[in-house]
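Okay, so here's the structure we're looking at.
The values are calculated or read from the model by the stated rules, or taken from the named source; none is laboratory data. These numbers were taken from a predicted model, which means no experiment stands behind them. So basically every Cβ, Gly included, is an ideal-geometry build from the backbone, and we count neighbours across all protein chains shown. All accessible areas refer to the heavy atoms of the entire protein, side chains included, with ligands and DNA or RNA removed. Shrake-Rupley method; radii C 1.70, N 1.55, O 1.52, S 1.80 Å.
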Amino acid sequence: MALLYAALLTVWFIMCIGVQSQYKSKNKCIYQGDEDTYTFYQQGDVVLGGLFPLHFSPISSISSFMCEICCSFTPRALRWMQTMIFAVREINQRQDLLPNLSLGYHIKDSGDDIPVSVKRSLLLVNGQPEKGSGQSCEDTQKEPSPVIVGEASSGISMAVLRSLGSFKIPLVSYFASCSCLSNKREFPAFMRTMPSDLFQIKALVKLVHYFQWTWVGVIGVDTDYARFAIQLFLKESENVNICPAYVHLYPVALTQDEAEELVKILKSSSATVIISFTVDSYLHAILKECRRQNVTHLQWIASEAWATSKALWDDFGDLLMGTLGFAIRRADIPQLGSYLRRVSDSVAQTSHFLSEFWEETFCCRLNGSLNTHVHGEEPQNWPPCNGSESLDDVYTPYSDVSQLRVSYNVYKAVYLIAHALHDMSTCESGKGPFQNGTCGRLYPILPWQVCVTFYFTFSPSNIFDENSDPIASYDLMNWQRGSDGSLQLVRVGFYDASLEDDKDLVINEPVIMWHRGEKVCAPDSLCSQSCLPGSRKARQKGKPVCCFDCIPCAEGEINSIDCLTCSRETWPNQAQDQCIPKTLEFLSFQEPLGIILWAFSAFGACAALAVIGVFIIYRKTPVIRGNNVELSFLLLLFLCACFLIGLTFIGMPTDWLCRIRYPAFGISFTLCISCILAKTVVVLMAFRATLPGSNVMKWFGPAKLRSSVILCTFVQALICIIWLITKPPVASYNTKFLSATIIVECAVGSETGFWCVLGYIGFLALLCFLLAFLARKLPDNFNEAKFITFSMLIFFAVWITFIPVYVSSRGKYMVAVHVFAILASAFGLLLCIFAPKCYIVLLKPEKNDKKHMMKK
């Protein structure tokens, strides 16, 4: 539609030029079209054009092409107009800026409408003769404007640029923020003092992400501004997992049915935060319908287009309480407030715009008033103004200079143009954008010269980026109710795009008043509540990522975006929200089980040493001498070693301790069984040697017996050496069996080596058992074969039971089983073989004589 209007008006412009040329030949100018005399105009060497939406019509149609004054008057836009005039007059009074050049202005009402705006922009750049004067064009025509300050709307600015862009006539906007206008290929003659929406969107996304609102509604009026802004918001929000609950564009002329449908969407959604890309005038119908349907729970987020507008507060303050929005930075313009009051008082009856403002503000009629386009009571019923009216007695946005934001953008736009013209007038020949002798030439000023100077002077810099857009700096505003019920715009933070990414947004959260009217925590706006510790998100089928179900995490996982598996060395804490180091488990000396085992080990070793003491003291008695004293002493020493070997299984395993533990166990028990085997053979052979002609005993002397013990032990030592060389035992950190615990254990390395050691001990024990069994019927008083047989039965019972229990146990209990088997078998050997002898020696000394020993 904008392109159609632009095309129609371009044709109209060309036709006007042709008609004007036809009448110019007759030395007369005749204005073609409706009269357009309601302007602010001042002659100057360079006349700056201005377009401002002083009037607003909610209905845009082709009939407005001929409309002069629309329905609603906007006092804030009148302040923008006066700010431009103030800036021009201020520049004209300066001696350091354009000292030899006077600026003028030609300001028109755009009607906030594309056809009207395009038409009046063409009038500005072409100059406008006074209608019906009949005089020469040179005498009656206003100066053409080589540059225009305007427009407020992005869509209207695009339409104007498509009409004027071919002529390289610059348009400097003070409020058009659409990111689409940054395209210099499509809009090469566009500059603005308003930041691009790209910055605003980044700020809004950061704001929503800061309060952890992941489920928000997005609405906007169906204009270029809202369409591009919503598109950017949806793209940026994806990066931080923010989901739109709904996206709705509504028409400019919103009907009752359309408003009702939209509010039903807001009401039915679970999103409590709504972002609105619109201007205040387009929200009236929506807010009115929200009140009718009692939709009062929404937290509104305002785009910069209405973040500081007070027009909605009187009617909808209860609905908009707590609204947050980014507004362009507030600034002060010295003496502007007094200027506005002085001008409105003195010019009210000579300027149509000011007289209309005066009448609407005080509801009275000035002499000769033409004001017929106001809301409410008909103007003809108003009483005449009596001259006692004063702006000091009423509040009006026109004279409110406490929130100069857009006005300051207008002020900066005028100064931007002035500095560009100044650079043109003071540039050096051969430097800058002009290389063909045009440097310093200002009469006449061509629009393309101003356009080129803009980009050469201001872009890029620390103020403008590479697209000639100003670097954004926003205030975060919060709508709060004052003590008198008025709207208080409270600054609760800021966004500065020039700062680092993690420092660009600052929010003073305790100062914020939320929509409930309380300074409490921010409201929630979630599709699904956050998962509790120990559960993970499972996306709901067919819904955005912000909608999910919570599923418990598996064992060993913590709560995250997805359940995060802890490393092998860590385990979830009780809350399952972080991984903590696992507990190390091993059989320690400090725990009760370890204390019991090492106590029994020490007791067994002491008992063996005590028996050795008894044997030393009574070494010459028949009981001691009759059972091979040397082998008995060796056996007792090796049993003492077996008891002490159990201590190597207690404590924190290390590689070296593991390599000592198993060979020492195997060799010590081999020594014990070898000694018992030698004693059994000696007993058996002693009675076999009594047969006539037998000389068997010469093979079983003390040296031979020691050699047999060494030989049997050598085989075990060889097995251990091969084991240690090929695949030795090492300390192992086992995480397989106990989830929250790391079992520190000795891995045997070679299973074959481990079972060969046990197997060899078992082989010697079996051989010993068989020989002792054969000697069981020898004389009782001299025969200890039956005690050896019983000790071997206990030995086999212990180790046969040990194997299944050992294999089925894990961690420190497996080690405890091993130590228990060592101690049980050692105690069995000690008690079965040596307890009877100690009993006779110590308690039955009468039996400890040769006569009693030889009785049988």
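Quick notes
- The test for being open to solvent by less than 40 Å² (accessible area, probe 1.4 Å) and in contact with a helix residue (DSSP H, G or I) (Cβ under 8 Å, 6 or more places away or on another chain) does not hold for I558.
- Annotation: of all residues in segment 485-499 being of a type in the set (A, V, I, L, M) and farther than 18 Å from L204 by Cβ, the one that is nearest to the chain's Cα centre (by Cα) is V490.
- Which listed residue, of L181, L198, is surrounded by fewer than 22 Cβ atoms within 10 Å (Cβ to Cβ) and part of a helix (DSSP H, G or I): L198
- Tally of residues being assigned to a loop (DSSP other than H, G, I, E, B) and at pLDDT below 80 across segment 555-568: 8
- Against the list (1) buried (at least 19 other Cβ atoms within 10 Å of the Cβ); (2) touching a Ser or Thr at 6+ places or on another chain (Cβ under 9 Å), the condition R659 fails is (2).
- Residue count, segment 255-273 (criterion: in contact with a Phe, Trp or Tyr (Cβ under 7 Å, 6 or more places away or on another chain) and surrounded by fewer than 20 Cβ atoms within 10 Å (Cβ to Cβ)): 4
- In segment 627-656, the residues that are outside any helix (DSSP H, G or I) and buried (at least 19 other Cβ atoms within 10 Å of the Cβ): N627, N628, I650, P653
- Failed item in (1) closer than 13 Å to L823 by Cα; (2) crowded, with 20+ Cβ neighbours inside 10 Å, with V611 passing the rest: (1)
- Close pairs (8 angstrom Cβ cut-off, 6 or more residues apart or separate chains): open to solvent by 30 Å² or more (accessible area, probe 1.4 Å) in segment 72-98, in a helix (DSSP H, G or I) anywhere: P75/F357; P75/E360; P75/T361; R76/V406
- The residues of segment 330-356 that are at pLDDT 85 or above and assigned to a helix (DSSP H, G or I), listed by number, are L336, G337, S338, Y339, L340.
- So T39, is it at pLDDT 85 or above, open to solvent by less than 50 Å² (accessible area, probe 1.4 Å) and under 21 Å from W306 (Cα atoms): no
- Members of segment 274-318 that are under 31 Å from the mean Cα position of the chain (by Cα) and either within 19 Å of Q488 (Cβ to Cβ) or open to solvent by 30 Å² or more (accessible area, probe 1.4 Å) (or both): T296, H297, Q299, W300, I301, A302, E304, W306, A307, T308
- Long-range neighbours under 8 Å by Cβ, at least six apart or interchain, first residue at negative phi within segment 634-657, second open to solvent by 40 Å² or more (accessible area, probe 1.4 Å) and among the β-branched types (V, I, T): T648/I660; D655/V730
- Counted residues, segment 319-335 - those being open to solvent by 10 Å² or more (accessible area, probe 1.4 Å), within 27 Å of the chain's Cα centre (by Cα) and closer than 29 Å to H297 by Cβ: 0
- Residue within segment 481-493 that is modelled with pLDDT of 85 or more, farther than 22 Å from A331 by Cβ and open to solvent by less than 20 Å² (accessible area, probe 1.4 Å) present: yes
- Any hit, segment 300-312, residues being touching a helix residue (DSSP H, G or I) at 6+ places or on another chain (Cβ under 9 Å), charged (D, E, K, R) and in a helix (DSSP H, G or I): no
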